[in-house]
Amino acid sequence: MRKSYRIKREDEFQDVFDNGQSVANRNFVIYYLDRPEAKHFRVGISVGKKIGHRANVRNRIKRYIRQSLLELKPHIDPHMDFLVIARKGASQLDMAASKKNMVHALSLAGILPRDTQAEDVQK
């Protein structure tokens with residue numbers, strides 16, 4: 001993802017936490033904030049040390065999240081800022097399971113259309 005699609009600064013993260021809403025499934029928590037003036041969505045990814053004590057585990061989870069978002073990019077609502085926070089179970093997922101869980105969590109948040117199924121997205 002290009003830099004313009006990322007939330008990196010602490011105050012931007014905090015704005016989504018404080019003013020946004022959240023949904024969760026077993027492996028991911030999504031905090032989201034509507035931004036009608038935005039040209040495209042922005043995403044922040046957080047994987048804490050509780051999830052994977054080693055950096056390579058945390059980096060693998062982040063890679064899976066970024067790749068899932070890249071594949072889902074055409075379906076994502078462009079007027080959203082959202083944060084993806086991994087839960088402990090995310091360290092056990094492979095790429096396919098990670099993407100399936102991301103689709104579910106993003107659908108719950110309304111970032112993806114509810115009628116978007118994993119089969120449609122994988123095409």
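The values are calculated or read from the model by the stated rules, or taken from the named source; none is laboratory data. What you see is a predicted model, and the numbers here were worked out from it, not measured in a lab. Heads up, the Cβs are rebuilt from the backbone with ideal geometry, glycines too, and the neighbour counts pull from every protein chain shown.
One table, with the values for the structure above:
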| item | result |
| --- | --- |
| Some residue of segment 88-96 being surrounded by 19 or more Cβ atoms within 10 Å (Cβ to Cβ) and part of a loop (DSSP other than H, G, I, E, B) | yes |
| Members of segment 14-28 found to be farther than 15 Å from Met80 by Cα, surrounded by 15 or more Cβ atoms within 10 Å (Cβ to Cβ) and of a type outside the set (S, T, N, Q), listed by number | Phe28 |
| Single residue of segment 51-87 satisfying the filter (loosely packed, with under 13 Cβ neighbours inside 10 Å and aliphatic (A, V, I, L, M)) that is farthest from His40 (Cα to Cα) | Ala55 |
| Where a residue in segment 81-99 is closer than 15 Å to Val23 by Cβ and its partner, wherever it lies, is part of a helix (DSSP H, G or I) and of a type outside the set (S, T, N, Q), with Cβ under 6 Å and at least six apart | Asp81/Val16; Leu83/Val16; Val84/Ile65; Ala86/Ile61 |
| Residue among Tyr64, Tyr31 that is part of a strand (DSSP E or B), among the aromatic types (Phe, Trp, Tyr) and modelled with pLDDT of 95 or more | Tyr31 |
| Meets criteria (surrounded by fewer than 14 Cβ atoms within 10 Å (Cβ to Cβ) and either of a type in the set (Gly, Ala, Ser) or touching a helix residue (DSSP H, G or I) at 6+ places or on another chain (Cβ under 9 Å) (or both)) for Arg114 | yes |
| Output for segment 1-20, where each listed residue is outside any helix (DSSP H, G or I) and touching a residue at least 40 places away in the same chain (Cβ under 8 Å) | Met1, Ile7, Gly20 |
| Condition check for Val47: out of contact with any Pro (no Cβ under 8 Å at 6 or more places or on another chain) and under 17 Å from Ala109 (Cβ atoms) | no |
